[in-house]
C-alpha cells in the first residue's frame with residue numbers, strides 16, 4: 001500500500017475568541033487538520049505557550065487525524081489569541097501580539113520534515129515577526145523541487161508587506177488568495193491592478209496571469225470568491241467554478257479547507273475542474289459547520305470523494 005502524502009501546515013496555531021466561546025484555529029493548522037481528514041499524513045509546525053490554552057490545544061488536536069508532535073512549546077510567550085466579531089456574517093479579527101507562533105524555531109526535526117514533504121502550506125500572517133519569517137522561508141526553501149509549496153496570502157492588517165509577499169512568491173509553486181486580496185497583492189508588488197471597483201472574472205484572470213508572468217516558480221493561482229465559487233489559473237489553462245450552495249454557519253476555516261482539498265487532489269494529478277470541485281465541496285462543508293475544525297465522519301468523506309470523482 002502506498003504511503004500517504006506528507007503535508008505540512010506551517011505557521012500560526014491560535015485560539016479564535018468568538019462571541020460563543022474560544023475555538024482552536026489558525027490557517028495552517030486548519031489546513032493541516034483538513035488534509036489529515038482527507039487521508040494525508042498531515043503535520044502542524046507551529047508554537048504554543050506553556051499555558052492553559054496551549055494544553056487545551058493539544059487536547060483538541062490529539063484525537064484528530066493530524067500530527068501535532070512537531071508543535072513547539074514556548075516557555076516565555078503565550079499561545080496565540082484572536083478576538084473575532086462579525087459584521088453581516090463576515091468575521092473581523094483582532095490579532096493579539098506577541099504570541100508563541102511569532103517565535104517559530106528552526107530545528108533539525110522541522111528541516112527533516114520539510115525535506116521529505118510532498119506539500120507545504122504557509123501564509124503571510126505568521127511572517128509578521130523576523131524570527132518566524134526566517135524559519136518559514138528557510139523551511140520552504142528546504143523542500144524538494146517536487147514539493148507543492150502553497151502560499152496562502154491570508155492578509156490581516158497591519159501584518160503584511162510587499163516584501164513578505166515578494167519573498168514568499170519567489171518560493172511558492174501555488175498562490176491562493178481571495179478575490180478581495182487580488183488587487184491588494186498586485187498593488188503591493190507594483191503590478192497593474194485594473195479597475196478595482198469592477199473586479200470581475202476577467203480582471204481576476206488578468207491579475208493571476210500577471211503574477212504567473214512575474215514569478216517563474218508559480219504554476220497556479222487560486223482565487224476564492226466566497227459564495228460565487230473560485231477561479232484557478234495556470235499558464236496554459238483556467239477554470240471557473242460557480243460554488244456550492246450551503247447554509248453557512250460561519251466562514252472561519254472554509255478557505256483553509258478549500259486549500260487543503262485543492263492540494264490533496266493536486267498531489268494526485270487531478271485536472272483544474274476536479275481541483276475546483278474538491279475545493280468548493282470541502283470549503284462549503286466547513287462553512288456549513290461552526291468552527292474551523294469540524295470532525296469528518298468516514299462515511300461522509302467516502303460519499304463526498306465519490307461525488308467529486310478524480
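Since every read-out is calculated from the coordinates, none of them should be taken as a lab result. Since we're looking at a predicted model, the values are computed, not measured. A quick note on method: Cβ atoms are made from the backbone with ideal geometry, for glycine too, and the neighbour counts reach across all protein chains shown.
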Ranked list, fewest to most other Cβ atoms within 10 Å of each Cβ, for 235, 92, 210, 301: 92, 235, 301, 210
Given an 8 Å cut-off on Cα distances and at least 6 residues of separation, report the relative contact order of region 6-301 as a percent. 16
How would you rank 275-281, 93-99, highest first, on the average number of other Cβ atoms within 10 Å across their residues? 275-281, 93-99
Taking Rh as the Kirkwood radius computed over C-alpha pairs, what is the Stokes-Einstein D of region 6-301 at 4 °C in a medium of viscosity 1.567 mPa s, expressed in µm² per second? 69
Connecting C-alpha atoms closer than 10 Å in a GNM of the chain, tell me which of 239, 112, 77 has the biggest fluctuation. 112
Give me 228, 128 sorted ascending by neighbouring Cβ count inside 10 Å, so fewest comes first. 228, 128
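Using only alpha-carbon positions, what ratio does the radius of gyration of region 62-109 give when scaled by 2.2 N^0.38 Å? Mind dumping the intermediate values first?
Working: Rg = 14.7 Å, N = 48, 2.2 N^0.38 = 9.6 Å.
The value comes to 1.53.
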When 286, 246 are arranged by how many other beta-carbons sit within 10 Å of their Cβ, fewest first, they go 246, 286
Please report, to one decimal in angstroms, the Kirkwood hydrodynamic radius of region 209-302 built from all distinct Cα-Cα pairs. 13.8
Need one number: the % of Cα-Cα pairs in region 237-279 sitting beyond the 16 Å mark. 40
For region 148-197, which semi-axes, largest first and in whole Å, follow from the square roots of 5 times the eigenvalues of its Cα gyration tensor? 17, 12, 11
So for region 1-56, using the alpha carbon gyration tensor with a ≥ b ≥ c as root eigenvalues (a/c under 1.5 gives rounded; past that, a/b versus b/c decides prolate or oblate), I'd call it prolate
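Could you work out [θ]222 nm for the chain from helices alone, using -39500 (n - 2.57) per DSSP H run of at least four and dividing by all its residues? Round to the nearest 500 deg cm²/dmol. Present the calculation step by step, with values, prior to reporting the outcome.
Working: 10 runs with 113 residues, N = 310.
Helices in the chain give a 222 nm mean residue ellipticity of -11000 deg cm²/dmol.
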